[in-house]
Amino acid sequence: MTVPGDVPAEKLGFCQSHEHVFLAKGHSYSLDPALCIDDAKKSASELALYKNAGGAALVDAQPIGCGRDAEALRLVFRESGVHIVASTGFHKLVFYPEDHWIFKYGGDRLTRLFIKELTDGMYTLCDRHEPERQSGSRAGQIKTALDACGIAGEYAKLFEAAAAAAVETGRALMAHIEPGADPVALADFLESSGLDLNRVVFCHMDRAVWSVPKTMSGRPMGDNNKLDIKHPSITPGAKTGLTKPSRHKISDKRNWISRNANS
């Protein structure tokens, strides 16, 4: 499922599996001015260069309520011709103001919200206001974020809702991994919730990679682990539970999108 509609996975071509195409100026910007990508025309120009170099699709990892703009993503697609798989779900809680609706919603309501974004259409203009208006573009995956505190407090509610939505819809789930977070505990939680770990993408795994030989050895976490950098102590083929360490974010973009983003 892409922003303009259904596209057979085999026709997507080369796909970047974790990008941020548009990020509206809001609460994230107040925390760090670098967290703002609000020129859709400029993003479209950059994606046109990506397409000319052989790229065909990408996954936009910005979820609902914290800077995502479904209409901007559709504009970027029209201007560039690059297919975009958008995200529902949630990000790190620091990216939401204290009075944000995401803290007020219960787990069941969040589950239904995520499912509606995947099946009916993404909500717009809901960074500060509760979701009311839906666009004609649907999300293709569920974004989550694992902080150092783990699956506790508000995060417990959010992860339970995201997992339930993933199980009901069969969509892929992406997990942003923060320094100090425990991806193995998250894998256990998701697996116990009924998810196939081959439909889960663990992002920024180099943030946990320093202790990988001790904490992840032999853990069957599927093939969808993404690294941002390469560390000299990690070598291809090592029994770490990770696959093909790379300086890039993605180890196997096309296989990920074929298995997850459009099924």
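The values are calculated or read from the model by the stated rules, or taken from the named source; none is laboratory data. In this text the structure is predicted, and so the values were computed from the model without any measurement. Please note: Cβ atoms are built from the backbone with ideal geometry, for glycine as well, and neighbour counts cover all protein chains shown.
Restricted to the range 179-197, and to residues there that are over 19 Å from Thr88 (Cα atoms) and under 16 Å from the mean Cα position of the chain (by Cα), the residue that is surrounded by the most Cβ atoms within 10 Å (Cβ to Cβ) is Pro183. Just one of the numbered conditions (1) among the hydrophobic types (A, V, I, L, M, F, W, C); (2) surrounded by fewer than 23 Cβ atoms within 10 Å (Cβ to Cβ); (3) in contact (Cβ under 8 Å) with a residue 40 or more places away in the chain is not true of Trp101: (3). Pick from Asp60, Asp6: which is of a type in the set (D, E, K, R), in contact (Cβ under 8 Å) with a residue 24 or more places away in the chain and buried (at least 24 other Cβ atoms within 10 Å of the Cβ)? The conditions single out Asp60.
Tell me, which residue of the range 127-145 that is in a loop (DSSP other than H, G, I, E, B) and within 18 Å of the chain's Cα centre (by Cα) is farthest from Leu58 (Cα to Cα)? Only one residue fits best here, namely Asp127.
Looking only at the range 179-200, filter to residues that are aliphatic (A, V, I, L, M) and closer than 17 Å to Tyr155 by Cα; which one of those is modelled with the lowest pLDDT?
Taking the range 179-200 and keeping what is aliphatic (A, V, I, L, M), we get 181, 184-187, 190, 195, 197, 200.
Then drop every residue that is not closer than 17 Å to Tyr155 by Cα, which leaves 181, 184-187, 190.
Numbers: Ala181: 92, Val184: 88, Ala185: 92, Leu186: 94, Ala187: 92, Leu190: 96.
Of everything passing the filter in the range 179-200, Val184 is modelled with the lowest pLDDT.
Kindly evaluate Ile142 against the criterion of being of a type outside the set (Asp, Glu), surrounded by 15 or more Cβ atoms within 10 Å (Cβ to Cβ) and modelled with pLDDT of 95 or more. It is true that Ile142 is of a type outside the set (Asp, Glu), surrounded by 15 or more Cβ atoms within 10 Å (Cβ to Cβ) and modelled with pLDDT of 95 or more.
Can you confirm whether the range 125-139 contains a residue that is at positive phi, without any contact (Cβ under 8 Å) to a residue 40 or more places away in the chain and crowded, with 16+ Cβ neighbours inside 10 Å? No, there is no match, as no residue in the range 125-139 is at positive phi, without any contact (Cβ under 8 Å) to a residue 40 or more places away in the chain and crowded, with 16+ Cβ neighbours inside 10 Å. The requirement of being assigned to a helix (DSSP H, G or I), more than 24 Å from Glu19 (Cβ to Cβ) and modelled with pLDDT of 95 or more is satisfied by Ala164. Selection of the range 104-122 for residues being of a type outside the set (A, V, I, L, M), out of contact with any strand residue (DSSP E or B) (no Cβ under 8 Å at 6 or more places or on another chain) and either touching a residue at least 40 places away in the same chain (Cβ under 8 Å) or part of a helix (DSSP H, G or I) (or both) yields Lys104, Gly106, Gly107, Asp108, Arg109, Thr111, Arg112, Thr119.
Check the range 45-54 and report whether any residue there is under 27 Å from Trp101 (Cα atoms) and under 21 Å from the mean Cα position of the chain (by Cα). No, every residue in the range 45-54 fails to be under 27 Å from Trp101 (Cα atoms) and under 21 Å from the mean Cα position of the chain (by Cα). Examine the range 74-87 for a residue that is in contact with a Phe, Trp or Tyr (Cβ under 7 Å, 6 or more places away or on another chain) and either in a helix (DSSP H, G or I) or exposed (fewer than 15 other Cβ atoms within 10 Å of the Cβ) (or both), and state whether such a residue exists. Yes, there is a match, as at least one residue in the range 74-87 is in contact with a Phe, Trp or Tyr (Cβ under 7 Å, 6 or more places away or on another chain) and either in a helix (DSSP H, G or I) or exposed (fewer than 15 other Cβ atoms within 10 Å of the Cβ) (or both). Among the residues making up the range 16-45, those that are of a type outside the set (Ser, Thr, Tyr), in a helix (DSSP H, G or I) and either surrounded by fewer than 14 Cβ atoms within 10 Å (Cβ to Cβ) or touching a Cys at 6+ places or on another chain (Cβ under 6 Å) (or both) are Leu31, Lys41, Lys42. Tyr50 passes every criterion in (1) without any contact (Cβ under 8 Å) to a residue 40 or more places away in the chain; (2) of a type outside the set (Lys, Arg); (3) buried (at least 17 other Cβ atoms within 10 Å of the Cβ); (4) within 20 Å of Asp127 (Cα to Cα) apart from (4). In the range 146-158, the residue that is surrounded by the most Cβ atoms within 10 Å (Cβ to Cβ) out of those that are part of a helix (DSSP H, G or I) and in contact with a Leu (Cβ under 8 Å, 6 or more places away or on another chain) is Leu158.
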